[in-house]
Amino acid sequence: MSDKLKEIINKQGEQQNISLDQSDDIVQLVGFVIGEEEYAIPILTIQEIIKPFSWTRVPQVPKYVMGVFNLRGSVIPLIDLRLKFGLSEQKHNDETRFMVMKYEDDVAGFVIDRLTMAIRLKKSDIGPAPDTLNGEDTMIEGVGKQEDKIITILKVNKLLERDF
Amino acid sequence: MDEFQEILQDFLIESFELVEKLDEDLVELENTPEDLELLNGIFRVAHTVKGASSFLNFDVLTHLTHHMEDVLNKARHGEIIITPDIMDVVLESIDLMKALLNTIRDTSADAGIDVSDCVVKLDKISGGDGEVESPKAVAPVKEVVQEEIVVQETQEDELDYDNMSDDDVEAEIQRLLNERQEEDKAKRVAKIAAGESVPEAPPEPDEEPKKKAPPPPPPPPPPPPAVKPKKEEPKAAAPVKKAPAVVEQTIRVDVKRLDHLMNLIGELVLAKNRLIKINDDVEERYEGEEFLEELNQVVSIVSLVTTDLQIAVMKTRMLPIGKVFNKFPRMIRDLTRELNKKIELEIEGEDTELDKSIVEEIGDPLVHIIRNSCDHGIEVPDVRIASGKPEAGTISLKAYNEGNQIVIQIDDDGKGLDVEVIKNKALENGVVSEKEADGMSDKEAFGLILKAGFSTAAAVTSVSGRGVGMDVVKTNIEKVNGIIDIESEKGQGSSIKLKIPLTLAIIQALLVGVQEEYYAIPLSSVLETVRISKEEIYTVEGRSVMRLRDEVLSLVHIGDIFEVERILDPSEYAYVVVLGLGAQKLGLIVDSLVGQEEIVIKSLGEYLKGIEGIAGATIRGDGGVTLIVDVVALMDMAKNVKASAMVEASGGSGSQEVKEKTKASDYTIMIVDDSKTDRMIMKKALEGTGMTIVEAGDGQEALNILKQGDHNFDGMLVDIEMPRMDGYSLATEIKKYNRYKNLPLIAVTSRTGKSDRMRGVESGMVEYITKPYSADYLSSVVQRNVNFKSEFL
């Protein structure tokens, strides 16, 4: 009796493991556009995505740090990814969003031009960053391949790192 | 192992508390060596620490405390008299004990500190009387319960554990447990009978048991514990220890929980500010409505309770400042011996309470100040007598509340500060220039001693004179938003006052506006505010200054410090916020004063920390973020800012280039009217010209469109009566912006009264079209005002 039970339990355990393995293989990302490029970051690093609202300028910081804003009682820095990536400034429009990203204890809001969609990618479809960008300093985690395009996957911890 | 950790934590907390008290008691003991009560108390501390540490197998600590106990016990029995020399050794051993406790806290082990020197000294004292044997003989007979522990301890030291069989181990554990329980009981009894010390007393017999092999009476059958039981004992013992024997009136709370609570209160204060603002808005809009009164009541209750709650939570974080003061009697004592001076310390107001985080910060500064007073302030006895002062100098340490601040005052009756000496020294060290030194008031000169690299001590002694001390004082006190006030009279002594805010998390601030931005200035650094006109600002050596009553105040524009873009036309008047920090003063020019508000300090987070001039941020009633000015840093920054000007500010009005118009659609007109039909009519009238038309539904919307700067407008048609913001206010607002100063505004209205026209002109309208009008007339007025080139028609 107990042997049988064990067997069943083992089997169930194996099945669970298998399904876990499968989900392990898939990476869930959120895609967004800055300028002409499409980028993505892991969905779990996103705390929330909100429509733009007012912020307060902070002096003595690089131009891409737009300032700070109030997210339900927390003061959070706001960073314009267009400027950070060396593109020109652009007025916020209906599609502009603040994407609040989180890595460990660091939180910051990033201004993006528009959202695209949630993406599920197999791990095998993600290649390493181009060689020229390798090393510790790169903000690129890897390059995801989809049928018709490629998406640059960004390192959230690098984005949240102060570099001034 | 967790339980072991738990016990260890309890042990550490208890020990640190005991040791802290010990210092004070010992110094007092030196003055009254006969005080048996005191002696017993001190003895108990050494004993308790010894007992607990042996139980936790901290051999080094046990060893040390054990010998201390020995000396103290003899003193207790009148066998030795505590002389200053003996006290030195005892104090040294207590320092070692502290060091050991710290090591244990950090590493959970007591290795790495050598106590043998001190132990030898202690031995010498206790043995010097030739009475080494006596305690051994007396004690065992006296106390049974304690003896057992003694036995256990000694055995721990010497017996080999590996020889034990499993059963033996079990038995031993059981035995130890029983002992432990009994000891606990005894302790409890002792605790309850607090005053009566002796019953629990003397485990002294184990003086040198190590050499003398297994000790006296109850010989424990199984071999004793060594390493293993350390692990098992605590586990078993934990529940026993935990059972509270006395109902406690206090509970220990993790500081993190209090911090969290404080954060939540912070949120509540923000919400309250917001509620008050909304209440004001509603009041304005629905004046005289009945529900207003009810709303008012609720709002005031909420704000009252929030304030009370905030105070209540603040109080839970408060610690008596005595915690810091405690260590000074000991310090003074050491210093007097080291410096060969006679100094008495008077302490007052040690019950005054301060926020925990502040208490932690002010310890070091106080140490520095008191060391300075001892070293530089108080003279040697001969000199004192020669100058007619009592032989012993007095340093008094006082703490008291003053408004929203705590004042800690350190007075000494020493030789005081010599302004000339300070100035000369400052010149020598290059802290100030000769010119600066000459123009200095006494108070400013005293301020010099707080500068880095400054020391008046002729020679560097081990006590002070390295020129770092007072600088540390300044840094630490400023860290907690405090200010330092120095007063001194030559030959009479000096007095240093530290003024420290009660709490760090919530402060009163003055909100100021510059252009379209707002900043919060901690009210504690604001001395006063004055309104001045531009003519009152003078430029001296490239710096702006003004005359404030009988002094000259240097000025700096907040916009220059925070790189604020000048988009608004400077007004005729400006406000100067006079900031004071110790003896330093600075006038900060702002565009407007918003008011005083209670603000909650929020950090800018890891990403933006350390921005010069910004101490943090707060969230305002309207949900926006306002930055808090770091007055200390601002004063430094002000030195490097070139005088600019508010005086010449209006130079750059034509910053955006005027593009050559090449076609009719290059002309852009904004139509502002709340009626869609009216906008339609105007639009139709201008259609023929081919100009680009932008519409806005009211003044506010129009202003927003202008601010966005998507279009370069050549003219505006403005209705007068509109919701939210009417035409007059809109015109007034627009004229504040440099770049729109010359934008032609045309009023289109059915108001025809003379006074209406006058108001229009006052607010900056160039034309006044009354409804109804013909399409051609409107079109021609617009064309004339925007210099429309007729060839485009």
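Computed on the stretch A:3-159, with alpha-carbon pairs under 8 angstrom and 6+ residues apart, the relative contact order is 24 percent. With solvent modelled as a 1.4 Å probe, how much accessible area in total do chains B and A shield from it at their shared surface, in Å² to the nearest 100? In total, this chain pair buries about 2000 Å².
Annotation for the stretch B:569-636 versus the stretch B:35-105: alpha-carbon center distance of 53 Å. Counting only heavy atoms of the protein chains and using a 1.4 Å probe, B:Leu502 has close to 30 Å² of accessible surface. Think of chain A as a dipole: +1 on every Lys or Arg Cβ, -1 on every Asp or Glu Cβ, centred on the Cα centre; then among A:Ser54, A:Leu78, A:Tyr64, A:Ser54 lies furthest on the positive end. Ordering of B:59-69, B:692-702 by packing is B:59-69, B:692-702, highest average first (other Cβ atoms within 10 Å, averaged per residue).
At the residue level, B:Asp630 shows approximately 50 square angstrom of accessible surface with a 1.4 angstrom probe and all protein chains present. Using only Cα atoms, tell me the angle between helix A:2-25 and the longest principal axis of chain A; keep it within 0 to 90° and round to the nearest 10. The helix A:2-25 is inclined about 30 degrees to chain A.
Count charges around B:Ser357 for me, please; just the other residues with Cβ under 12 Å from its Cβ, Lys/Arg as +1, Asp/Glu as -1. That sum, taken over residues with Cβ under 12 Å, equals -1. Legend: mean number of C-beta atoms from other chains within 10 angstrom of residue C-beta atoms, peptide A:70-80, equals 5. Within the shell of other residues whose beta carbon sits under 12 angstrom from the beta carbon of B:Lys499, the net charge comes to -2, with Lys and Arg scored +1 and Asp and Glu -1.
Amide H contacts under 5 Å for B:Asp413: B:Thr394, restricted to partners 5 or more places along the chain or on a different chain, H placed in the peptide plane at 1.01 Å from N.
Shown are B:Ile406, B:Ile81, whose ranking by accessible area with a 1.4 Å probe and every protein chain present, most to least, is B:Ile81, B:Ile406. Distance between the modelled labels on B:Arg543 and A:Leu115, one decimal in nanometres: 5.4 nm (7 Å Cα→Cβ projection). Per-residue SASA remark: B:His77, around 90 Å² accessible (1.4 Å probe; ligands, DNA and RNA not included). Between the amide H of A:Gly31 and those of A:Thr116, A:Met117, A:Ala118, A:Ile119, distances stay under 5 Å, these residues lying 5 or more places away or on another chain, with hydrogens modeled in the peptide plane.
For the residues of A:48-60, the average number of beta carbons from a partner chain within 10 Å of their own beta carbon is 4.
Computed packing ranks the peptides B:310-316, B:86-92 as B:86-92, B:310-316, most packed first, by mean other Cβ atoms within 10 Å. When B:His368, B:His557 are compared by accessible area of protein heavy atoms, the largest-first order is B:His368, B:His557, using a 1.4 Å probe.
By DSSP, what percent of the beta bridges with both residues in the stretch A:3-159 are antiparallel, rounded to the nearest 5? Within the stretch A:3-159, antiparallel bridges account for around 90 percent of the total. The label-point distance for B:Ser755 and B:Glu20, in a model that sets each label 7 Å from Cα toward Cβ, rounds to 7.1 nm. Counting charges near B:Gly690 (Lys, Arg +1; Asp, Glu -1) among other residues having Cβ under 11 Å from its Cβ returns a value of -1.
Across B:Arg105, B:Arg333, A:Arg162, the residue with the most accessible area heads the list, and the full order at a 1.4 Å probe is B:Arg105, A:Arg162, B:Arg333. Peptide B:617-625 shows a mean partner chain C-beta count of 5 within 10 Å per residue C-beta. Sorting the Cα pairs of the stretch A:3-159 by distance into bins of 5 Å, from 0 upward, gives 2, 8, 15, 18, 18, 13, 8, 6, 4, 3, 2, 2, 1, 0, 0 percent per bin.
The values are calculated or read from the model by the stated rules, or taken from the named source; none is laboratory data. No experiment lies behind these values; they were computed from the predicted model shown. Because the Cβ atoms are built from the backbone with ideal geometry, glycine has one as well, and the counts that use them run over all protein chains shown. All accessible areas refer to the heavy atoms of the entire protein, side chains included, with ligands and DNA or RNA removed. Shrake-Rupley method; radii C 1.70, N 1.55, O 1.52, S 1.80 Å.
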